[in-house]
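One structure is given here, and the rest of the page talks about it.
The values are calculated or read from the model by the stated rules, or taken from the named source; none is laboratory data. Just so it is clear, the model here is predicted, and its values are computed rather than measured. Cβ sites come from the backbone with ideal geometry, for glycine too, and all protein chains shown count toward neighbours.
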Amino acid sequence: MAVWWERNYPYLVSFLLVAIVLIFNLNLSLSQVLPTAITAASIVAGFLSTLATILLSIDSKGIRFLKRIKKFGTIINYLWAAIRWAFAFVVLSSILQMLRQQNRWQIILWLLVGIITFTSAFRAIDISLAILRSVSEEENPERN
């Protein structure tokens, strides 16, 4: 169950939040938010790309163990997925910014992609930082 939840919670949370917006008929306007969303998602994509590069370059006991039990690829795939969602969100936000006027379904799509982007990024960062913490403790046991 934990693996299923880890794999799917960015999508489940996103659909739940969008459903709440639809059920309560919340009125959203993107005009002030789009430039900030583009910047934030771009920073997230860059950060995650750097994090992936760091993880791929580490050769520690913990990383070797994750590779041996075939879990390291899953973690890297979480990073790639979050990076792809961030790029998709930047592109969608840029298109919507050029349109100047967005209809309700464009806003719902934007909200869905945005929430997936940031929950996927959270998942990737959370797991990656746990790995980096483990590697740090492995290399510096006296710091514990």
Could you please let me know if ALA124 is surrounded by 19 or more Cβ atoms within 10 Å (Cβ to Cβ), farther than 20 Å from TRP4 by Cβ and in contact with a helix residue (DSSP H, G or I) (Cβ under 9 Å, 6 or more places away or on another chain)? no
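Hey, could you check the range 8-28 for residues that are of a type outside the set (A, V, I, L, M) and in contact (Cβ under 8 Å) with a residue 12 or more places away in the chain and say which is farthest from LEU79 (Cα to Cα)?
Taking the range 8-28 first, the residues of a type outside the set (A, V, I, L, M) are 8-11, 14-15, 24-25, 27.
Checking which are in contact (Cβ under 8 Å) with a residue 12 or more places away in the chain leaves us with 9-11, 14-15.
Working: TYR9: 15, PRO10: 13, TYR11: 15, SER14: 18, PHE15: 21 Å.
This residue is PHE15.
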Checked LEU96, LEU79, LEU16, LEU30 against criteria (within 21 Å of SER136 (Cβ to Cβ), out of contact with any strand residue (DSSP E or B) (no Cβ under 6 Å at 6 or more places or on another chain) and not basic (Lys, Arg)); the one match is LEU79
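Checking the conditions here, which among ALA52, ALA37, ALA19, ALA82 is surrounded by 15 or more Cβ atoms within 10 Å (Cβ to Cβ) and farther than 16 Å from LEU129 by Cβ? Quick ask: steps written out before the conclusion?
On the way: ALA52 fails: farther than 16 Å from LEU129 by Cβ; ALA19 fails: surrounded by 15 or more Cβ atoms within 10 Å (Cβ to Cβ); ALA82 fails: farther than 16 Å from LEU129 by Cβ.
Within the list ALA52, ALA37, ALA19, ALA82, the selection yields ALA37.
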What's the number of the only condition in (1) under 19 Å from ILE125 (Cα atoms); (2) modelled with pLDDT under 90; (3) surrounded by 10 or more Cβ atoms within 10 Å (Cβ to Cβ) that LEU28 fails to meet? (1)
Determine the pairs where a residue that is farther than 10 Å from SER93 by Cβ, located within the range 30-52, has a partner that is of a type in the set (S, T, N, Q) with Cβ atoms under 6 Å apart, the partner being 6 or more residues away or on another chain. LEU51/SER128
